[in-house]
Structures are given as C-alpha cells and as structure tokens.
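The values are calculated or read from the model by the stated rules, or taken from the named source; none is laboratory data. The shown structure was predicted, so the numbers you read here are calculated from the model rather than taken from an experiment. FYI the Cβ positions are ideal-geometry reconstructions off the backbone, even for glycines, and counts take in every protein chain you see. Side chains included, ligands, DNA and RNA excluded: accessible areas come from the protein's heavy atoms. Shrake-Rupley method; radii C 1.70, N 1.55, O 1.52, S 1.80 Å.
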Amino acid sequence: MSTTLPRLRTDAAANRAKILDTAREIFSTQGLDVPMSEIARRAGLGVATLYRRFPTKEDLVAAAFAEQMTECAGLLDTALADPDPWHAFCQVVEEVCAMQAKDRGFSKAFVTAFPHVSEFRALRERAERGLAELVARAQAAGMLRPDFHPSDLTLLLLANSGIHGGTPGVTAEASRRFVAYLLQAFRAGNTAPLPRPVAIPLEAALT
C-alpha cells in the first residue's frame, strides 16, 4: 500500500500536467470553444480522467491560464509604480495586445468572467481596477485625452482580436502597428471631440 499510493499520486500529477499542456496548446490556436472530449483525446486520456481533475470547462481554462493571468496582474502592478503615467499606460496596452495577438486562448480567458473560480475572478477584478487606475492617472497628468473612457480598451481588444496575418509573426507585427496608431490617437492634444462612449462589457471582446 505504501508503494501504491505514491505511484497513484505520481500518475495523477502526470495526467494533470498532460491535460493542462494539451489544453494550453489547443486553446492558443483554436480558442476556448474546443470540446472537453477533444482535449482528453489529444492528451491521450479518457474523458472521465479529465473531468476528475477539472469538473468544468471554467476550472480547466482558469488552471491553464493561471500563470499568464498572474503575469498580467503583475504587469499592471509594475505599471502603477511607474512615475510616468503615459509610459505606464502605453506599456500595458502594448503588452496586453501583444499577449492577445500571440495567444487566442489567453485573450479570451482574460476577458471572460469566471464567477465560480474565485482565484481567477480575483485576478481579473484586480486587472480591471489596475486598468481603470492607469486611465485615471494618465488623464490627470494631461497625457491621455480627457474623453477617453475605460470601455475604449474593450473596443481596442475587439479590434486587435480581429487581426490575423496568416502567420504568428505577421499577426504580431500587424498588431504592434495597429496599437501604435491607436496610442497616438489616445494621446491628449489637438483632437476633435469623439462621440459619447459606449458601455461595452469586457466579455464582448471575445472572438
């Protein structure tokens, strides 16, 4: 019995790692709508094994992208410590859009609400608060146009998610150029008034 239990724990850990590696790979290229049965098949495991480890799709997505979500929240913390509000705002927008262009799965996970996965939900709420604070700081410094609204970030993510260059490299380059254009438009200066902001929920940025 003493040798069987460690073996079971080792097998369970290996299966969990295999599921997460497979899920990340599939989500990054096909998005989050891939059936759980397909993930199990690609991982070489039974569907029952997958559901024992991750009872719901939410659980699997949250576990697969927990590291990236933590990295994103850390990026915002670093930006909020930057004494230059405009540089901080631009850096976050550029890096989040680069993540989105690189990994379709993470971009969806970032903007998806997971009400039943408390850790992931807390990270997402932390990211939303950080983004709102970055906007307020950049506007208070007179660097970000005063009529910019946090919901404009959702518009940016929606537009950026539609960039598909045929190869990952081309998509990344096109995304960088697109974001650079918009950051110039966001900067305070000689700009004409915009139409009123539209309250679009972050979940609308799903592709």
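For the reader, a short list of remarks on this structure follows.
- Qualifying positions in the stretch 181-207 - at pLDDT 85 or above, part of a helix (DSSP H, G or I) and touching a helix residue (DSSP H, G or I) at 6+ places or on another chain (Cβ under 8 Å): Leu182, Leu183, Phe186
- Pairs linking a residue in the stretch 136-159 that is touching a residue at least 24 places away in the same chain (Cβ under 8 Å) to a residue that is polar (S, T, N, Q) and exposed (fewer than 15 other Cβ atoms within 10 Å of the Cβ), with Cβ atoms under 6 Å and 6 or more positions apart or on different chains, are Arg145/Thr191.
- Looking only at residues of the stretch 107-119 that are open to solvent by less than 20 Å² (accessible area, probe 1.4 Å), within 17 Å of Leu20 (Cβ to Cβ) and not β-branched (Val, Ile, Thr), we find that the one that is modelled with the lowest pLDDT is Phe114.
- Considering only residues in the stretch 49-106 that are among the aromatic types (Phe, Trp, Tyr) and open to solvent by less than 70 Å² (accessible area, probe 1.4 Å), the one that is farthest from Glu128 (Cα to Cα) turns out to be Phe54.
- Boolean, Leu32 is modelled with pLDDT under 85 and aliphatic (A, V, I, L, M): yes
- Flag for Phe106 being of a type in the set (Phe, Trp, Tyr), out of contact with any strand residue (DSSP E or B) (no Cβ under 8 Å at 6 or more places or on another chain) and touching a residue at least 40 places away in the same chain (Cβ under 8 Å): yes
- If you go through the stretch 17-30 and keep only what is crowded, with 17+ Cβ neighbours inside 10 Å and not hydroxyl-bearing (Ser, Thr, Tyr), you end up with Lys18, Ile19, Leu20, Ala23, Arg24, Ile26, Phe27.
- Which numbered condition Asn160 fails, given (1) closer than 30 Å to Thr56 by Cα; (2) open to solvent by 50 Å² or more (accessible area, probe 1.4 Å): (2)
- Lone qualifier among Val34, Val135, Val47, Val92 - being within 13 Å of the chain's Cα centre (by Cα) and of a type in the set (A, V, I, L, M, F, W, C): Val92
- Candidates Ala23, Ala101 - the one that is assigned to a helix (DSSP H, G or I) and in contact with a Pro (Cβ under 9 Å, 6 or more places away or on another chain): Ala101
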